[in-house]
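> Got a structure for you, written out below as structure tokens; questions coming shortly.
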Amino acid sequence: MLKSVLLSITLFCCSIVFAQDEFEQSLDSLQTLDDVNLFFQKNKKVKGKVIVFNEEKHKTRMATDILKMSVGAKKYDKDNPQRTYFKIIEKNEIPYYKVSCVYLDGTKHSLKDINIIRNQVISKYKEGYEFSNLAKQYSMDSSAKQGGDLGWFTNGDLHPDFEIPIIEGNYSVGDIFTIDIPETQSYYVVLMTQNRKLIKESKVLKVTMPRK
């Protein structure tokens with residue numbers, strides 16, 4: 001009886017190891033995002049998604065480790081209750097931009113009044129006022145609480161009519177300018193707070209081995 005039980009346990013453990021090895025081998029075969037999409041189509045029960053780790057936005061130990069890894073490398077998350085892996089699919093350096101702004105709502109002010117306010121903001125900034133304080137005083141959206149700071153963004157993160165003048169403009173740190181988006185009645189005073197920066201990003205497949 002005892003031998004039968006031990007044999008059953010041994011066979012069970014071997015099946016788990018085999019399934020684990022097979023699972024890891026399937027991960028090793030994934031090289032592109034197209035491979036990942038096909039993998040999920042064939043493995044409906046597998047839970048997973050592609051996530052992006054950015055060296056400026058993600059400062060955890062996990063993110064730091066992943067950003068150091070090369071394309072194709074895997075990381076096993078031993079702290080996760082399920083068997084969870086991270087597989088590096090792509091690594092890139094993406095141009096990012098950083099600005100602060102004062103937003104003025106064209107549905108609440110006339111364009112004439114908006115231009116008066118914008119001229120006041122620009123004049124006060126050039127006189128030595130902190131832009132963050134001006135944003136808290138004048139800006140009409142939630143960014144006012146952060147002193148107008150929008151954080152790092154890249155092409156496609158924000159409204160294109162806001163991004164394009166910043167991305168294509170030859171601006172340097174400290175330059176202040178205006179942006180108009182009549183389509184949404186959005187009007188801005190924008191301060192360049194950082195020069196364009198290439199930031200490392202890793203696209204990573206996070207996948208969890210299903211329970212048996």
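The values are calculated or read from the model by the stated rules, or taken from the named source; none is laboratory data. As the structure is a computational prediction, the values presented were derived from the model and not from experiment. Note that each Cβ is placed from the backbone with ideal geometry, even for glycine, and that neighbours are counted across all protein chains shown.
> Within the range 172-212, restricting attention to residues that are polar (S, T, N, Q) and part of a strand (DSSP E or B), which residue is surrounded by the fewest Cβ atoms within 10 Å (Cβ to Cβ)?
ASN195
> If you don't mind, there's one more thing I want to ask. Checking VAL71 against (1) aliphatic (A, V, I, L, M); (2) at pLDDT 95 or above; (3) not in a strand (DSSP E or B), which single condition isn't satisfied?
(2)
> Continuing with the same structure: Being over 30 Å from LYS49 (Cα atoms) and either over 25 Å from the mean Cα position of the chain (by Cα) or in the same structural domain as ASN54 (by TED's automatic domain parsing) (or both) is the requirement here; does PRO182 meet it?
It is true that PRO182 is over 30 Å from LYS49 (Cα atoms) and either over 25 Å from the mean Cα position of the chain (by Cα) or in the same structural domain as ASN54 (by TED's automatic domain parsing) (or both).
> Would you pick out the residues in the range 116-143 that are surrounded by 12 or more Cβ atoms within 10 Å (Cβ to Cβ), in contact with a strand residue (DSSP E or B) (Cβ under 8 Å, 6 or more places away or on another chain) and assigned to a helix (DSSP H, G or I)?
ILE117, ARG118, VAL121, ILE122, TYR125, PHE131, SER132, LEU134, ALA135, TYR138, SER143
> Then there is this: Could you list all residues from the range 144-162 that are under 26 Å from ASP113 (Cβ atoms) and either under 18 Å from the mean Cα position of the chain (by Cα) or in a strand (DSSP E or B) (or both)? I'd like the intermediate steps shown before the answer.
Of the residues in the range 144-162, the ones under 26 Å from ASP113 (Cβ atoms) are 144-150, 158-159, 161-162.
The answer is ASP149, LEU150, LEU158, HIS159.
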